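The structure appears right after this line, and notes come after that.
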Amino acid sequence: MEYSESASAEREQTQVNAASRKPRILLAASGSVAAIKFGNLCHCFSEWAEVRAVATRASLHFIDRAALPKGVVLYTDEDEWSSWNKIGDSVLHIELRRWADIMVIAPLSANTLGKIAGGLCDNLLTCIVRAWDYNKPLFVAPAMNTFMWNNPFTERHLMSIDELGISLIPPVTKRLACGDYGNGAMAEPSLIYSTVRLFVESKIQQGGSSNVH
């Protein structure tokens, strides 16, 4: 009961705050070659929204930190407990969950999709998802090889995250980084941005404010 009341109070405060400011978008990247577009994705959102970013260890192989917009903080697994020393100190994955109005995982790798579908939380990104308040939107844009996308496990995992209320921005068909041609490429950053912005603006029209809940 205490948890339920606390979560409800947190949502109400976030809704009040959201009515008078830019949307707060938490962008996250997992370990796919498509993470080379993460800087572009951050730029797409940063002029319209407040942006914070999260990257898994594998995604850092592809992300050019210098390409991120100035002012966008990139959090990694190493940051998760670096500022925590004792009971009462803030926990990063909880603080980011509280801060964000919307979370967008792009790219979402096959591995991270499987983790989320199974409820695993072994890094900063998946801990945020496990702690997420599903009254707030969460979008994912998968990126993987065509055979990985067509694997029966992928269908099961997509069904599981759909039941959670996670919104899918489907991959597209093109020549993939591995050389194969087929479905599995991440949607372009501009499409991811326009999808989320259209969602927010439709909520504003329905509710008369920038409240996205």
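One table, with the values for the structure above:
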item	result
Flag if residue 35 is modelled with pLDDT of 95 or more, in a helix (DSSP H, G or I), among the hydrophobic types (A, V, I, L, M, F, W, C) and in contact with a strand residue (DSSP E or B) (Cβ under 7 Å, 6 or more places away or on another chain)	yes
Strands (runs of 3 or more DSSP E) fully within region 94-213 counting 3 or more residues that are aliphatic (A, V, I, L, M) and at pLDDT 95 or above	102-108, 138-142
The listed residue being out of contact with any strand residue (DSSP E or B) (no Cβ under 6 Å at 6 or more places or on another chain), exposed (fewer than 15 other Cβ atoms within 10 Å of the Cβ) and touching a residue at least 40 places away in the same chain (Cβ under 8 Å), out of 135, 123	135
Region 138-182, subset over 30 Å from residue 203 (Cβ atoms) and β-branched (Val, Ile, Thr), residue surrounded by the fewest Cβ atoms within 10 Å (Cβ to Cβ)	173
Residue pairs meeting the criteria (Cβ under 7 Å; at least 6 apart or on separate chains; first closer than 17 Å to residue 195 by Cβ, in region 145-167; second small (Gly, Ala, Ser))	161/117
Residue match in region 148-164 (condition: in contact with a helix residue (DSSP H, G or I) (Cβ under 7 Å, 6 or more places away or on another chain), of a type in the set (A, V, I, L, M) and over 20 Å from residue 38 (Cβ atoms))	yes
Hits in region 67-93 - residues which are within 22 Å of residue 43 (Cβ to Cβ), part of a loop (DSSP other than H, G, I, E, B) and of a type in the set (A, V, I, L, M)	68, 72, 73
Residue in region 46-65 that is surrounded by 21 or more Cβ atoms within 10 Å (Cβ to Cβ), aromatic (Phe, Trp, Tyr) and either at pLDDT 95 or above or over 22 Å from residue 112 (Cβ atoms) (or both) present	no
Residue that is surrounded by the fewest Cβ atoms within 10 Å (Cβ to Cβ) [pool: residues in region 73-92 that are of a type in the set (A, V, I, L, M, F, W, C) and closer than 16 Å to residue 125 by Cα]	73
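The values are calculated or read from the model by the stated rules, or taken from the named source; none is laboratory data. Note that this is a predicted model, so its numbers are computed, not measured. Quick reminder, even Gly has a Cβ in these numbers, built from the backbone with ideal geometry, and neighbours come from all protein chains shown.
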